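Peer 1: Got a structure for you, written out below as structure tokens; questions coming shortly.
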Amino acid sequence: MPSAYETMYILRPDLGDEQIEQAIAKYENFLKDQGATNLQIQLRGKRRLAYEIARQREGVYIQMNYEAPGTAIAPMERAMRLSEEVVRYLTLKLEEPIATPEAAAAAE
């Protein structure tokens, strides 16, 4: 049974807009191939980091909310760890399922 997850990752700030879009599409397609559903992606933009990471003071933040089987998380995190464009990543398992507009309308 799929669980709800949230993954936040930070890309290097020196990437161009096209490279950022390619990285987002890469991880979006990766999750879809692993059986993820209800995928929501938010580009949070370039922000200053709290501390320097890999000699970078800024980063491009991306947030993904999705429902996926637990087996999909480890391969995605491994791909992020090996990627030179990802500075940091964090995946959290959420307690409640992701609220969709359809589910909100049905609850009313």
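Peer 1: Taking the Cα centre of the chain as origin, sum charge times position over the Cβ atoms of Lys and Arg (+1) and Asp and Glu (-1), and report the length of that vector in debye to the nearest 20.
Peer 2: My answer is approximately 520 debye.
Peer 1: Sorted from largest down, what three extents in whole angstroms do the Cα atoms of the chain have along their principal axes?
Peer 2: Result, largest extent first: 47, 28, 25 Å.
Peer 1: Further, regarding this structure: Run lengths n ≥ 4 of DSSP H only: what is the helix-derived mean residue ellipticity at 222 nm for the chain, with -39500 (n - 2.57) per run over all residues, to the nearest 500?
Peer 2: -9500 deg cm²/dmol
Peer 1: Considering only protein heavy atoms and a probe of 1.4 Å, how much of the accessible area of the chain is carbon and sulfur, as a whole percent?
Peer 2: Here it works out to 48 percent.
Peer 1: Just want to confirm a number: the relative contact order over the range 29-83, from Cα pairs under 8 angstrom separated by 6+ residues, in percent.
Peer 2: That works out to 42 percent.
Peer 1: Related question: Looking at the range 25-86, which GluC sites (Glu not before Pro) are in a loop (DSSP not H, G, I, E or B) and have at most 15 other Cβ atoms within 10 Å?
Peer 2: GLU84
Peer 1: Continuing with this model, one more query. In degrees, nearest 10, range 0 to 90: what is the angle between the Cα axis of helix 73-82 and the longest Cα principal axis of the chain?
Peer 2: Between helix and principal axis, roughly 10 degrees.
Peer 1: Something else about it: Give me the extension gain from ILE53 to GLN40: residue separation times 0.36 nm, minus the current Cα-Cα distance, reported in nm with one decimal.
Peer 2: 2.0 nm
Peer 1: Give me the one-decimal nm value for the distance between modelled label points at SER3 and GLN22, 7 Å along each residue's Cα-to-Cβ direction.
Peer 2: 3.4 nm
Peer 1: Tally Lys and Arg at +1 and Asp and Glu at -1 over the other residues with C-beta under 9 Å from the C-beta of ALA4: what net charge comes out?
Peer 2: That works out to -3.
Peer 1: Between ASP33 and GLU96, what length in nm is gained on full extension when 0.36 nm per residue of separation is reduced by their alpha carbon distance?
Peer 2: Taking ASP33 through GLU96 to full extension adds about 20.4 nm, to one decimal.
Peer 1: Compute the FRET efficiency between ALA74 and ASP14 as 1/(1 + (r/R0)^6), taking r as their Cβ-Cβ distance and R0 = 22 Å, and round to the nearest 0.05.
Peer 2: 0.20
The values are calculated or read from the model by the stated rules, or taken from the named source; none is laboratory data. Just so we're clear, the structure is a prediction, and the values are computed from it rather than from any experiment. For neighbour counting, all protein chains shown are included, and Cβ atoms are generated from backbone atoms with ideal geometry for every residue, glycine included. For accessibility, only protein heavy atoms count, side chains too; no ligands or nucleic acids. Shrake-Rupley method; radii C 1.70, N 1.55, O 1.52, S 1.80 Å.
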